[in-house]
Amino acid sequence: MQISGEMGFCSGMAVVYLVILNLLEVNGEIPTTLDGPFKPVTVPLDKSFRGNAIDLPDTDPRLQRSVTGLQPEQISVSLSSTHDSVWISWITGEFQIGDNIKPLDPKTVVSVVRYGKLRFPMIHKATGHSLVYNQMYPFEGLQNYTSGIVHHVRLTGLDPNTLYYYRCGDPLIPSMSDIYSFKTMPVSGPRSYPSRIAVVGDLGLTYNSSSTINHLKRNKPDLVLMVGDLSYANLYLTNGTSSDCYSCSFPDTPIHETYQPRWDYWGRFMQPLVSKVPIMMVQGNHEIELQAQNRTFASYSSRYAFPYKESGSSSPFYYSFNSGGIHFVVLGGYTAYSKTADQYKWLQKDLTHVNREVTPWLVATWHPPWYSSYTAHYREAECMMVAMEDLLYRYGVDIVFNGHVHAYERSNRVYNYALDPCGPVYITVGDGGNREKMSITHADEPGKCPEPSSTPDEFMGGFCAYNFTSGPAAGKFCWDRQPEYSAYRESSFGHGILEVKNETHALWKWHRNQDLYTKAGDQIYLVRQPKRCPVEPKVIKLWGVEKPKNVFYGL
């Protein structure tokens with residue numbers, strides 16, 4: 001099997017790797033998407049598997065505040081749009097919750113990061129901004145919340161693929177953090193990639209979440225992509241009472257309450273990882289957190305830094321960034337996405353400016369999946385799909401990562417519900433281990449097809465998921481067997497690792513929590529075919545068929 005690209009100036013190690021890759025593919029040890037489309041596979045549910053997740057207790061040391069005074073905590077690193085810049089975020093001061101609370105004054109403490117390539121001296125200094133956010137409920141008996149002081153500082157002028165040390169805080173108090181380190185992304189180029197990118201979603205704060213993060217850390221990622229649903233604070237009343245199903249247990253509450261301290265717990269729980277490894281966030285439905293005056297996403301948009309301004313966006317809910325030769329596009333499923341909306345216009349502009357000679361790989365991510373065969377959230381985001389799928393297809397998106405469904409599923413290459421060698425591979429990894437139950441039923445099982453009117457998400461709005469018009473599922477809302485687009489599905493907790501090897505080959509591995517961290521539950525080489533699938537193609541070749549661009553083939 002030939003691997004595209006000029007090989008004359010590849011390093012010796014790269015040549016050795018490509019030879020090994022070819023041997024693996026020839027021997028059939030790891031399949032490639034060129035071997036597809038694959039017959040659908042469903043791994044039977046392990047009857048001993050515990051699908052319910054139990055919360056870590058509030059007394060767990062990983063959730064408790066371990067600093068005093070105005071020392072920084074909940075420290076995290078996130079990327080800017082290019083390799084030469086990152087964001088450092090943290091919190092100082094204690095949150096307050098109750099009836100009579102007084103917000104802290106951000107002006108009482110400054111936002112400073114000292115950093116450099118050496119632990120001492122750290123010769124660089126950057127300053128940023130700070131804020132306090134509130135979660136308010138004007139109803140008797142509900143407890144209001146005000147956060148600690150949230151800091152965001154952007155570091156610039158960084159060298160690629162370089163280890164930097166840093167401390168954050170206020171040097172005048174003095175109140176600085178311990179020394180941490182992070183590694184910048186490689187410079188963008190067709191043969192320049194981070195070693196491993198971890199993808200995880202729907203995490204929460206349970207014993208299963210802890211297992212997921214422990215497995216993830218042992219895979220030593222260079223970057224973490226969090227595909228939505230972080231703390232699950234909205235599964236709790238303001239007094240801390242929890243539920244597996246908020247709407248089921250608390251139907252009479254005057255507003256959908258959230259217990260905001262769980263955001264602080266989550267920030268502390270994640271700090272050992274994300275103070276060293278950059279994490280990029282995607283909005284999920286559990287981040288909406290509606291409060292008084294219809295304010296939403298207050299905690300999510302306040303606590304973390306997003307490179308939206310750097311990537312030309314007007315909203316933290318959609319942005320883009322480069323990681324070596326990969327261009328990532330983060331989209332918002334819970335903000336306007338129609339063709340007249342700002343998000344769509346931004347996406348179109350962003351995709352137009354992607355140089356595939358520099359960043360050959362194009363990866364998109366948002367929370368609710370378009371292609372999922374599970375009963376949970378089945379065809380829930382169909383209106384977003386109708387609005388945006390054609391645009392992503394025309395610009396040659398290679399991989400799509402989603403969460404939301406609490407299981408794992410990988411698709412064949414697909415476009416408009418038809419198998420298509422130039423369509424993206426859709427991967428759902430909403431199996432991080434949150435408090436809600438694991439998704440185990442499939443819409444194609446007898447009697448499990450949802451009532452169509454029940455499928456739209458109220459916050460996303462609209463109804464677009466009509467019956468299929470052609471193919472094996474013609475005239476039906478659900479398939480009567482595992483859909484052709486679904487290559488592999490399994491209900492288990494875990495995370496994924498993406499290793500991009502060169503401009504045409506990337507290795508995807510899904511790791512289950514019950515396995516050793518070195519073992520993969522599912523693995524495949526994702527292979528790009530830029531000659532067969534150019535951007536804006538006029539005619540593409542299906543598996544044995546020719547198909548004009550933009551013709552609806554149904555199923």
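The values are calculated or read from the model by the stated rules, or taken from the named source; none is laboratory data. This is a predicted model, so every value here is computed, not measured. Every residue, glycine as well, gets a Cβ built from its backbone with ideal geometry; the counts of neighbours run over all protein chains shown. Protein only, heavy atoms only, side chains kept; ligands, DNA and RNA dropped before computing areas. Shrake-Rupley method; radii C 1.70, N 1.55, O 1.52, S 1.80 Å.
Points worth noting:
- Expressed in units of 2.2 N^0.38 Å, where N is the residue count, the Cα radius of gyration of the stretch 184-250 is 1.55.
- Here the calculated FRET efficiency for Lys309 and Asn161, from their Cβ-Cβ distance with R0 = 22 Å, stands at 0.35, rounded to the nearest 0.05.
- Projected area, mean over directions - the stretch 446-508, Cα convex hull, nm²: 7.5 nm²
- Note on Lys125: lysines with a C-alpha under 26 Å away, same-chain residues under 8 apart excluded, are Lys107, Lys117, Lys183, Lys276, Lys309.
- Mean Cβ neighbour count within 10 Å, used as a protection proxy, ranking 166-173, 121-128, 337-344, 304-311 highest first: 304-311, 166-173, 337-344, 121-128
- Compactness relative to 2.2 N^0.38 Å, alpha carbon Rg of the chain: 0.95
- Extension gain, Asp84 back to Phe139 (0.36 nm per residue minus Cα-Cα distance, nm): 15.1 nm
- Sum of -39500 (n - 2.57) over DSSP H runs of 4+, divided by residues of the chain (222 nm, nearest 500): -4000 deg cm²/dmol
- Accessible surface of Ile101 - all protein chains present, 1.4 Å probe, nearest 10 Å²: 40 Å²
- Packing-based ranking, highest mean first, of 349-356, 192-199 given that Cβ atoms within 10 Å are counted: 192-199, 349-356
- Local electrostatic count at Asp264 - Lys and Arg +1, Asp and Glu -1, tallied over other residues with Cβ under 11 Å: +1
- Share, in percent, of DSSP beta bridges within the chain that are antiparallel, nearest 5: 75 percent
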